[in-house]
Amino acid sequence: MSPRWRALIPVGLLAGGFFFARQSAAARPQGVDLLIVNGLVVDGTNSAPRRADVAIRGDRIVAVGTAISRAGAARVIDAAGRMVSPGFIDLHAHLEPLLELPLMESALRQGVTFALGGPDGGSPLPLGPYLDSVRTTKPGINVGYLVGHNDVRRAVLGMAARAPNAAELARMQQLVAVAMGQGAFGLSTGLLYLPGTYSTVEEVIALSQTAADSGGIYTSHLRKEGIGLLEGVAEALEIGRRAKIPVVLTHHKAVGQQMWGKSALTLAMVDSARQAGTDVMVDQYPYTATHTGIGVLVPSWAMAGGDAEFRRRLANAALKDSIVRGIVFNILNDRGGGDLARVQFSRVSWDKSLEGKTLKDWAARRNLAPTPENGAALVLEAMLNGGANAIYHVLDEGDVRRIMTAPFTMIASDGRLSRPGDGHPHPRAYGTFPRVLGEYVRQQQLLPLETAIHKMTQMPARRLGLTDRGVLREGAVADVVIFDATTVKDQATFTEPHQYPLGIETVVVNGTVAVDGGKATGVRAGRVITRR
């Protein structure tokens, strides 16, 4: 056990005597299904670790206390020298492959017991039938969904680069209202992406008000995260204020060297808005690289109307020249990071050999100098082949650390469900939560352990209105993680991403052991969770 955590425990508790004798009989439940003993409980509330046992019957915690009797327990797990915490809640997860990967092992083995899908403006639509299919499949962890603005807009306006008329806006509001009635937790936007980028703030406010009417939240992939970041934050804060809806600035970051350090300003903006009465929070993943489609490097106006219109514009020499100049600008100033080596392909359906390689590698393969202009030509080739996904190494560690320590920041992966051998994903898909615990808690000592756990559990649970998850207490849902604080770490890297973490020894989902001895049991104990 780490000396720091050992120092937090009263001598009498470590000795195993004295205090135990005072335990009331009510805290010694008989006939429990699972009893976790001798662990250091980090209960999710930001309280310091304490020695306690956790008793589970069915899908609920029935007691948290000392010296709970083992009599009648169907199974006892000795967690001596280990931390026992609530299951981690991933407030931003890409669950698109769920029906193909129902065990959700890349999330489960991180200690995630609840994941919120439908981020960045993208979600199943209609939502209700999809949730029914997930229930039938039986997911490995608990899942909930947001309704995505991009899909709502596409259903009504297609790829039109214009504002909706009154009837169209009413139809969009109806789609949001229906999804909220089917259990969505709120509205997500991806204002950097198509077709959401064509929306005005008034459109988003109107739809956010519809979500707010049903008690939902608003999560925003900002319109800009590089140049224009401050304006993007201001827009999200305005939406929250005017729609009177709780806001999450999701995967908050400052993209590109020109914006490094600007998180000091964005966090000050959030703090000021909170003090003025806007309910706004932030989530973040602990890496210095982003991940999205290669189309993020293409100016959005060029893709208005869909693929056919994009190809038509490229056939026009003057328009193509403008598109190329826009891509060059983004390579130099935004996601390109000013260097083709900073753009690393993760999924390329039309050329798997490029996965894991960079835009610079591709240029070298073609005997091209690694110039922004040559990079732009390759980006266009990728788009004409159907697009690709890429990792962009364009964030600064100082911003990552500053954002992480803000009192209103939660941890979320932005990771896509993954399986070994499939593509070259961002390592966050396998390592987000263990990375925080290993790198930023144990190694860098940036956060106390209990604060990091709070940011992964009770904080996101409260944001979603889940009062019986995210904490270890009597009556709460039995989502539990047992981990070794001295060894927990991510193993996934940008060169070798398909690696499960170390130190996550046991994961309990709804009272059922889903990870045992660091390995998935294969039991799918998750449920579809809907907004209450």
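The values are calculated or read from the model by the stated rules, or taken from the named source; none is laboratory data. Note that the structure is a prediction, hence the values are computed from the model and not measured. Cβ sites come from the backbone with ideal geometry, for glycine too, and all protein chains shown count toward neighbours. SASA here: full protein model, heavy atoms, side chains in, ligands and nucleic acids out. Shrake-Rupley method; radii C 1.70, N 1.55, O 1.52, S 1.80 Å.
Ordering Gly431, Leu449, Ser106 by the projection of their Cα atoms onto the charge dipole of the chain, which places +1 on the Cβ of Lys and Arg and -1 on the Cβ of Asp and Glu, puts Leu449 at the extreme positive end.
Can you check what the net charge comes to around Val112, using other residues whose Cβ is under 10 Å from the Cβ of Val112 (Lys, Arg +1; Asp, Glu -1)? Combined, the nearby Lys, Arg, Asp and Glu give -1. Summary of packing: across the peptides 118-131, 351-364, 477-490, the per-residue average of other C-beta atoms within 10 Å ranks them, highest first, as 477-490, 118-131, 351-364.
What the pair-distance distribution of segment 433-532 shows, using all Cα-Cα distances binned every 5 Å from zero, is 3, 12, 17, 21, 22, 16, 7, 2, 0 percent. Helical runs (DSSP H, four residues minimum) scored at -39500 (n - 2.57) apiece and divided by the length of the chain put the mean residue ellipticity at 222 nm at -9000 deg cm²/dmol.
This model, with +1 at the C-beta of Lys and Arg and -1 at the C-beta of Asp and Glu, gives segment 59-185 a dipole about its Cα centre of some 220 debye. Using the 1.4 Å probe convention, the accessible area of segment 63-216 works out to 31 Å² per residue with neighbouring protein chains retained. Multiplying the residue separation of Thr288 and Asn385 by 0.36 nm and removing their Cα-Cα distance gives an extension gain of 32.1 nm.
Just the Kirkwood number for segment 43-83, please: inverse of mean 1/r across all distinct Cα pairs, in Å, one decimal. Computed over Cα pairs of segment 43-83, the Kirkwood hydrodynamic radius comes out at 11.6 Å.
For the chain, the longest principal axis of the Cα atoms and the long axis of helix 229-243 meet at an angle of about 70 degrees.
Computed over segment 254-358, the quotient of the alpha carbon radius of gyration and 2.2 N^0.38 Å is 1.38. The percentage of C-alpha pairs in segment 71-204 whose separation is greater than 24 Å is 41%.
For the pair Asp132 and Lys352, the difference between a 0.36 nm per residue extended length and the Cα-Cα distance amounts to 75.8 nm. Rounded, prolate or oblate: which one fits segment 164-228, using the alpha carbon gyration tensor with axes a ≥ b ≥ c (rounded when a/c is under 1.5, else prolate when a/b beats b/c, else oblate)? Cα axes put segment 164-228 in the oblate bin. Would you list, by chain and number, the lysines whose Cα falls below 25 Å from the Cα of Lys262, excluding same-chain residues fewer than 8 positions away? Filter leaves Lys224, Lys253, Lys455. Each DSSP beta bridge with both residues in the chain is either parallel or antiparallel, and the antiparallel ones are about 55%. The residues neighbouring Ser353, those whose beta-carbon lies less than 12 Å from its own, together hold a net charge of 0 under the Lys/Arg +1, Asp/Glu -1 convention.
Taking 0.36 nm per residue of separation and subtracting the Cα-Cα distance, full extension of the segment from Glu96 to Thr467 would add 130.9 nm.
Dipole magnitude for the chain: about 680 debye, using +1 per Lys or Arg Cβ and -1 per Asp or Glu Cβ, origin at the Cα centre.
Taken about its Cα centre, segment 397-532 carries a charge dipole of about 520 debye when Lys and Arg each add +1 at the Cβ and Asp and Glu each add -1 at the Cβ. Average accessible surface for segment 301-429: 41 Å² per residue, computed with a 1.4 Å probe over protein heavy atoms with every protein chain in place.
When a 1.4 Å probe is rolled over the protein heavy atoms, the share of accessible surface on segment 224-379 that falls to carbon and sulfur comes to 51 percent.
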